[in-house]
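K.L.:
Dropping the structure in here first, questions after.
The values are calculated or read from the model by the stated rules, or taken from the named source; none is laboratory data. Bear in mind the structure is a predicted one, so any value in this text is a computation, not a measurement. Neighbour counts are summed over all protein chains in view; Cβ atoms, including those assigned to glycine, are modelled from backbone coordinates with ideal geometry. Just the protein is used for accessible areas: all its heavy atoms, side chains included, with ligands, DNA and RNA removed. Shrake-Rupley method; radii C 1.70, N 1.55, O 1.52, S 1.80 Å.
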Amino acid sequence: MTAYDVEPGDQIHAGHPVTVDRYTKSARINHWITATCLVLLALSGLSLFHPSLFFLTGLFGGGQPTRIIHPWIGVLLFFSFSGLFIRFWRANLWRREDGTWLAQLRDVLAANDDKLPEVGKYNAGQKTVFWGMSFLIVVLIASGLVIWDQYFAAYTTIDQKRLAVLIHALAAVVIICVWIVHVYAAIWVRGTVSAMTRGRVTGGWAWRHHRKWLRELVGGRQTRS
Ligand code: HEM
């Protein structure tokens, strides 16, 4: 039986160095479309958030085009992220070792890897980011629809819109912070970025950071020479 966190396409390749496939091409395309949407959403959203940032509307052709395009990028992000969610939710389910890993955050930050429990495809930090993003994207699309007056003005009251604007802005600030943590972690843990660019990591990286996942791959004989 395949382990819960071994995803389609995960595979070890013997060689010097050993490499491990971590993301299929379609997963990577799905990820980068999502990432591009979030960056564009943040820029267009910030430009509408405060007058001092209005100059950012220049990137989208001015104030009106920015107002029109921002919600549509949000819809695209929602569907694109749904694709990531369907692919990755199972491997992000919380496991017993995740609590231990979180409790040892000091060792994580000090890179004392040998003191940490072996983790599967994702560690507790990645899982927290995953579920945080999932929750925030639902909040953003739901509150965004309430304030999308071009199409839905008649369906909500002024008071509901006021509350939705507040929730939308708060969720946006939090997801930008979560995104910064995600990108920082991807760069900080050396060898991670290639997982999302070329689709593969080295065996050494998998052994050091996701040993349980590597063992599952070896045990399941998803190996090619
Ligand atoms: C634009 C900058 C971004 C960079 C440089 C980046 C980089 C990466 C990298 C390197 C991984 C692989 C991590 C691993 O396998 O251990 C990854 C995974 C992932 N990224 Fe991003 N990412 C970015 C933006 C985003 C955005 C905006 C989202 C969603 C809104 C996102 C959602 C995810 C998800 C769901 C995963 C799978 C990991 C998991 O399920 O926990 N990423 N990213």
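K.L.:
Return the aspartates and glutamates within reach of residue 121: Cα separation strictly under 16 angstrom, same-chain partners fewer than 8 residues apart disregarded; answer none if there are no such residues.
P.N.:
5, 7, 10, 21, 97, 98, 113, 216
K.L.:
Show 149, 114, 10 ordered by accessible area, largest first, where the area counts protein heavy atoms only and the probe is 1.4 Å.
P.N.:
Per-residue accessible area, sorted high to low, gives 114, 149, 10.
K.L.:
Starting from 0 in steps of 5 Å, tell me what percent of the Cα-Cα pairs of segment 63-103 lands in each bin.
P.N.:
P(r) over segment 63-103, rounded to whole percents: 6, 18, 14, 12, 12, 11, 10, 7, 6, 4.
K.L.:
While we're on this one: If each of residue 162 and residue 89 carries a label point 7 Å out from its Cα toward its Cβ, how far apart are those two points in nm?
P.N.:
Each label point lies 7 Å from its Cα, and together they span 3.6 nm.
K.L.:
I'd like the antiparallel share, as a percent to the nearest 5, of DSSP beta bridges with both residues in the chain.
P.N.:
Antiparallel: roughly 75 percent of the beta bridges in the chain.
K.L.:
I'm checking a number: the convex hull volume of the Cα atoms of segment 1-130, normalised per residue, in Å³. What is it?
P.N.:
178
K.L.:
Another question, if that's okay. Using only the Cα atoms of segment 173-225, build the gyration tensor, take square roots of its eigenvalues as a ≥ b ≥ c, and label the shape rounded, prolate or oblate: rounded if a/c is under 1.5, else prolate if a/b is larger than b/c, else oblate.
P.N.:
The shape class here is prolate.
K.L.:
Okay, next question. Which lysines does residue 115 reach when only Cα atoms under 29 Å apart count, and residues fewer than 8 places away in its own chain are ignored?
P.N.:
Correct list for residue 115: 127, 212.
K.L.:
If you don't mind, there's one more thing I want to ask. Quick check on segment 132-225: what does the Kirkwood estimate of hydrodynamic radius come out to from the alpha carbon pairs, in Å?
P.N.:
When all Cα pairs of segment 132-225 are included, the Kirkwood radius is 16.7 Å.
K.L.:
Quick one: ranking 210, 31 by accessible area, 1.4 Å probe, largest first, what do you get?
P.N.:
31, 210
K.L.:
Once fully extended, how much extra length lies between residue 104 and residue 138, figured as 0.36 nm per residue of separation less the alpha-carbon to alpha-carbon distance?
P.N.:
Stretched fully, the residue 104-residue 138 segment lengthens by 9.2 nm.
K.L.:
Still on this structure, I have one more. Along the three principal axes, how long is segment 5-73 when you take its alpha carbons, biggest first, rounded to the nearest angstrom?
P.N.:
Largest to smallest, the principal-axis extents are 55, 22, 20 Å.
K.L.:
On average over all directions, what projected area in square nanometres does the chain have, based on the convex hull of its Cα atoms?
P.N.:
14.8
K.L.:
Within segment 131-225, which trypsin sites (Lys or Arg not before Pro) sit in a loop by DSSP and count at most 10 neighbouring Cβ atoms inside 10 Å?
P.N.:
190, 221
K.L.:
Please work out the FRET efficiency for the pair residue 207 and residue 50, using the Cβ-Cβ distance as r and a Förster radius of 35 Å; give the result to the nearest 0.05.
P.N.:
Efficiency at R0 = 35 Å is approximately 0.15.
K.L.:
Just the C-alpha atoms of segment 101-184: what Rg/Rh do they give, with Rh taken as the Kirkwood radius?
P.N.:
Rg/Rh: 1.21.
K.L.:
Segment 147-189: D in µm²/s via Stokes-Einstein (Kirkwood Rh, Cα pairs, 4 °C, 1.567 mPa s)?
P.N.:
The Stokes-Einstein estimate is 105 µm²/s.
K.L.:
Among all helices in the chain defined by DSSP H, which have a length of 20 Å or more along the axis from Cα atoms plus a Kyte-Doolittle mean of at least -0.5?
P.N.:
Those that clear 20 Å and a mean of -0.5 are 25-49, 63-88, 124-146, 158-188.
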